[in-house]
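The values are calculated or read from the model by the stated rules, or taken from the named source; none is laboratory data. Source: prediction; values computed, not measured. Please note: Cβ atoms are built from the backbone with ideal geometry, for glycine as well, and neighbour counts cover all protein chains shown. We work out accessible area using only protein heavy atoms, side chains counted, and drop any ligands, DNA or RNA first. Shrake-Rupley method; radii C 1.70, N 1.55, O 1.52, S 1.80 Å.
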Amino acid sequence: MNLEDLARRMGGELKDSDPATQIRDFQTDSRAVQPGDVFLAIKGANVDGHDFAALVAAAGAATTVAERDIPGPALRVERVIAALARLGKSLRDEFTGPVVGITGSNGKTTAKEFTAAALSPLGEVLKSAGNRNSEFTSPLAWFSKTESTRAAVIEMGMRGFDQIAHLASISRPTIGIITVIGTAHIEMVGSRAGIARAKGELFQALPDDGVAIAWAEDDFREDLRRLAPGRFLTFGFSPEAHLRILGYRSEGWTSCRVRMQWQGEEAEVVLPVIGRHQALNAAAACLAAVQAGVPFAEAVAALARAELPPLRMEVREVHGVTLLLDNYNASPDSTAAALRALAEGPAQGRKLAILGEMRELGDYTESGHRLVGRALTAAPIDHVFLTGGPTRFIADEARTTGYPADRLTDAETLDLGAVAQFLRSTRPGDVVLIKGSRALELERAVADWEARP
């Protein structure tokens with residue numbers, strides 16, 4: 001695509017830009033701009049991208065999509081969000097294959113990667129890059145469409161009501177997956193019922209012949225079913241699930257074996273990650289692929305080729321210690337799932353956990369952390385290090401429900417130095433789960449420990 005085509009699709013006007021310039025990529029971070037990139041001038045709460053126009057021009061940006069006059073090459077639009085929506089819609093209009101939209105409180109990005117893998121027998125699969133799932137980044141997935149693209153997988157993030165509806169209006173999914181109705185971003189919508197309503201906008205956007213896919217054991221399954229205009233299918237461990245997980249077994253810390261059943265046919269695969277919650281993400285992906293026309297056995301086998309993102313049960317070996325880095329983000333549900341995965345795996349030494357506070361829970365902050373405390377009591381873990389103010393609720397609930405107080409260390413304030421010091425107390429053969437909200441950047445403590453054992 002060149003700038004002339006981009007301007008036409010966005011409904012904007014070029015200024016001091018060569019219309020014939022071919023676009024390399026799109027960037028929202030001025031520091032990532034390379035020659036040929038299009039920079040999106042996003043005005044945020046603290047930073048205005050328009051202020052970096054001269055900087056990105058010097059870095060070789062082909063143009064900057066802007067809402068006001070700026071120095072250097074520009075593509076002037078009325079609103080950046082609306083222009084991106086126009087771009088995404090125009091590219092989506094040129095595609096006739098199956099489109100899978102994915103949202104959920106947890107597991108969106110992993111489910112996206114599993115779905116892309118399961119669809120791969122159809123041919124080339126377009127997918128959202130990384131975790132590009134916002135109104136600024138989700139539409140950009142369509143920029144990767146080629147004549148060889150046979151299916152698309154679009155991740156959709158939720159930070160309030162009407163956002164999923166907006167993203168779905170751009171990509172118009174034919175198949176929708178809601179991984180789980182949990183607690184992530186609950187402060188934006190007030191309750192889990194609010195999350196179900198906001199996530200359910202994906203199902204409402206499906207066509208009459210579309211397919212809605214949800215977790216069979218979800219508390220809000222029936223609420224979601226009522227939102228689906230077409231077929232409603234489920235995945236899960238329960239016998240009533242349409243695609244059922246018959247068996248799960250972890251094989252070390254880097255893989256697990258999962259057996260699934262669809263309409264009487266059974267198939268088994270070794271996934272490149274551990275955790276029953278990951279088996280559920282894989283099952284959702286497989287069900288979507290089958291609905292898109294992939295034979296069941298081929299879809300299951302293809303799951304093994306998924307390219308899973310970092311910091312999601314990522315395994316590292318440091319000084320003889322096995323680290324499970326699962327700190328891309330954290331919610332009560334995903335933290336409890338990670339603790340179960342730690343409890344189920346093998347260890348020559350101790351099983352330890354470093355749990356950081358979970359943010360964006362609003363009024364659910366205390367009860368959400370207490371849920372993790374109860375999950376901790378149910379998991380045979382030798383010692384837990386807690387960091388960040390709200391983790392005091394984890395500690396209190398864990399002690400109240402029977403977890404030994406001498407196996408808890410609670411640092412009430414966030415202290416990466418203390419986390420690194422705890423890591424220095426580990427021994428070869430130990431396994432350590434590290435889980436916390438992305439903003440905490442707990443992996444920085446790992447880097448400090450690696451550099452100074």
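A few comments on the model shown:
- Considering residues of segment 166-180 that are assigned to a helix (DSSP H, G or I) and open to solvent by 10 Å² or more (accessible area, probe 1.4 Å) only, the residue nearest to V99 (Cα to Cα): S169
- Filtering segment 400-422 to residues that are of a type in the set (D, E, K, R) and either surrounded by 15 or more Cβ atoms within 10 Å (Cβ to Cβ) or under 23 Å from Q348 (Cα atoms) (or both) leaves D406, R407, D410.
- A341 of a type in the set (A, V, I, L, M, F, W, C) and closer than 28 Å to W215 by Cβ: yes
- Of everything in segment 279-307 that is open to solvent by 10 Å² or more (accessible area, probe 1.4 Å) and under 20 Å from I178 (Cβ atoms), the residue that is nearest to the chain's Cα centre (by Cα) is N281.
- Some residue of segment 181-190 being at pLDDT 95 or above and surrounded by fewer than 20 Cβ atoms within 10 Å (Cβ to Cβ): no
- Given (1) of a type in the set (F, W, Y); (2) outside any loop (DSSP other than H, G, I, E, B); (3) over 23 Å from A41 (Cβ atoms), number of the condition F161 does not satisfy: (2)
- Within segment 191-244, considering residues that are of a type in the set (K, R) and touching a Gly at 6+ places or on another chain (Cβ under 8 Å), the one most open to solvent (accessible area, probe 1.4 Å): R231
- Scanning segment 37-67 for residues that are assigned to a loop (DSSP other than H, G, I, E, B) and either touching a strand residue (DSSP E or B) at 6+ places or on another chain (Cβ under 8 Å) or surrounded by 13 or more Cβ atoms within 10 Å (Cβ to Cβ) (or both) yields D37, A41, I42, A59, A61, A62, E67.
- Taken together, the criteria exclude L311 from residues that are at pLDDT below 95, more than 25 Å from R276 (Cα to Cα) and not in a strand (DSSP E or B).
- Criterion: among the small types (G, A, S) and under 20 Å from the mean Cα position of the chain (by Cα) - qualifying residue of A193, A184, A267, A205: A184
- The lone criterion from (1) part of a loop (DSSP other than H, G, I, E, B); (2) at pLDDT 95 or above left unmet by A82 is number (1).
- Matching residues, segment 308-333, being under 15 Å from L371 (Cβ atoms) and either open to solvent by less than 20 Å² (accessible area, probe 1.4 Å) or in contact with a helix residue (DSSP H, G or I) (Cβ under 6 Å, 6 or more places away or on another chain) (or both): A330, S331, P332
- Taking residues in segment 327-351 that are closer than 8 Å to V431 by Cβ, and partners anywhere that are surrounded by fewer than 24 Cβ atoms within 10 Å (Cβ to Cβ) and of a type in the set (G, A, S), the pairs with Cβ atoms closer than 6 Å and at least 6 places apart or on different chains are G345/S250; G349/G429.
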